[in-house]
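The values are calculated or read from the model by the stated rules, or taken from the named source; none is laboratory data. From a predicted model like this one, the values you see are computed outputs, not experimental measurements. Cβ: placed from backbone, ideal geometry, glycine included. Neighbour counts: every protein chain shown. Each accessible area value is taken on the protein alone, full model and side chains, heavy atoms only, with ligands, DNA and RNA left out. Shrake-Rupley method; radii C 1.70, N 1.55, O 1.52, S 1.80 Å.
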Amino acid sequence: MSFSRFIRSHDWWDYKLPPVLAVGYATLLSGNKNIFDYYGYIALILLSVVVGAIYVSLINDVSDIEVDLKAGKNNKMASLPNMMRWLLPVACLSLGAGFIYFFYYPDMLSCIFYFLPWIAFTMYSFPPFRLKNRGIWGVLADASGAHIFISLLMVSSLSYLSGQTINYGWLTAVTVWATCGGVRGILWHQFTDRENDIQSGIETFATMRNPAAFKKIEWIILAIELAALALMLSILNNVFVYVAMLAYLVLMLLRYKVLRQQPIPILHNRSNYQILLLDFTDLFFPIALLLYASINQPDTWIVLCAQLLLFPARWILILKDVYRILFKRSGGK
């Protein structure tokens, strides 16, 4: 088994890290800072978050060994010696503590924002809390650990490192936006796995809800996320981001009209769908910010190239969809 599959990076690398980086880029640009001047700090913050994500992947598998065995599901941690199952998460915890002591301290707000996801996911996975099986608490724990606190970490740490005063209007907008995006992400996962979880006897928010009764709620969550995003865009007031949003909306419409991809907030009942705003937050938003910075700041094009090389999944998928759209509209089959 490859290392990337062992740490389940396919679940988070291309999908949870780019929006967090976009928050970091936007925070620097809102303070008229050169992104390239802080690329080393951004890389260290990203590395610290990756260590946390690996910890989450490991403890999720450790805590699910018995459940997966009963359900007949493969669990990579089950084949490891018991000592090794715990040694790997402890190693991640040690690295995380090192980041707090050697990098984030004495910025106490960033220390708190970095520490909280570790607590949230530990409580999410392990008894006696096992929030994963406690309905809405599991949803909030996952969203806070995977989206909210690391987004706030980007704001607080880069504000501190660049000598900016934290813009609490921006911080609030990012909090609401990340909360809704995180909630939508974990609920999509839970409702997608709903039938398997019911068969395995796993109680999640989705297994305890009728999907049909949740349809109104999913649109309310999306509406709040859109309002927070609109506030973020108004604070940035960046024409490149506005153009990026327009380009995303055109892509969404063409996917719907030509490829018959149904736009959804969370729930889906077929394989051909697109999750609303996902492509904007994962690709259009960070790339628009970096394109703007590349034109106005020396050497930031290097960060732009690094972003595209490190996170290729989204833009490759979009290019494939654009090709399919053009091919169909030109009369191909």
So if each residue of separation counts as 0.36 nm, and I subtract the Cα-Cα distance between HIS189 and LEU253, what length gain in nm does that give? 20.6 nm
Roughly how many nanometres apart are two label points built 7 Å out from the Cα toward the Cβ at ARG324 and LEU87? 4.5
Among the complete DSSP H segments of the chain, which ones combine at least 20 Å of alpha-carbon extent along their axis with a mean Kyte-Doolittle hydropathy of 1.0 or more? 39-63, 82-99, 108-125, 215-236, 239-258
Just to be sure I understand the model, the point goes 7 Å from the Cα along the line to the Cβ. What's the resulting ILE235 to ALA212 distance in nm? 4.1
Taking the Cα centre of region 96-201 as origin and charging only Cβ (+1 Lys, Arg; -1 Asp, Glu), how large is the dipole, in debye to the nearest 20? 140
Rounded to the nearest 500, what is the chain's calculated 222 nm mean residue ellipticity when only DSSP H runs of at least 4 contribute -39500 (n - 2.57) each, over all residues? -22000 deg cm²/dmol
Region 31-87: C-alpha gyration tensor shape, a/c 1.5 cut-off, then a/b vs b/c: prolate
Pairwise Cα inverse-distance average, inverted: Kirkwood Rh of region 13-123 (Å): 15.9
Given charges at beta-carbon only (K, R positive; D, E negative), |dipole| of the chain in Debye: 1120
Please give the charge dipole size of region 223-333, origin at the Cα centre, charges +1 on K and R Cβ atoms and -1 on D and E Cβ atoms. Round to the nearest 20 debye. 780
Prolate/oblate/rounded call for region 202-269, Cα gyration tensor, a/c under 1.5 rounded: oblate
If the cut-off is a Cα-Cα distance under 26 Å, which lysines reach LYS33, setting aside same-chain residues fewer than 8 apart in sequence? LYS16
Dividing the convex hull volume of the alpha carbon atoms of region 90-140 by its residue count, what do you get in Å³ per residue? 74
Test of understanding: what is the full-extension gain from LEU308 to PHE102, defined as 0.36 nm times their sequence separation minus their Cα-Cα distance? 71.2 nm
Sites HIS10 and ALA223 - FRET efficiency at Förster radius 25 Å, r taken between beta-carbons, to 0.05: 0.25
So what is the accessible area of region 1-153 per residue, in Å², with the probe set to 1.4 Å? 47
If unit charges are put on Cβ atoms (+1 for Lys and Arg, -1 for Asp and Glu) and the dipole of region 172-220 is taken about its Cα centre, the option from LEU187, PHE214, ALA173 lying farthest towards the positive end turns out to be ALA173
From the residues PRO265, THR27, TYR104, which one has its Cα farthest along the dipole of the chain in the positive direction, the dipole being from +1 and -1 charges on Cβ of Lys/Arg and Asp/Glu about the Cα centre? PRO265
When the Cα centres of region 69-147 and region 227-306 are compared, how far apart do they sit, in Å? 30
Residues other than ALA244 with Cβ under 15 Å of its Cβ, Lys/Arg counted +1 and Asp/Glu -1, net out at -1
Taking only the alpha-carbon positions of region 267-333 as identical scatterers, the Debye log10 I(q)/I(0) at q = 0.12, 0.29 Å⁻¹ comes out as -0.45, -1.20
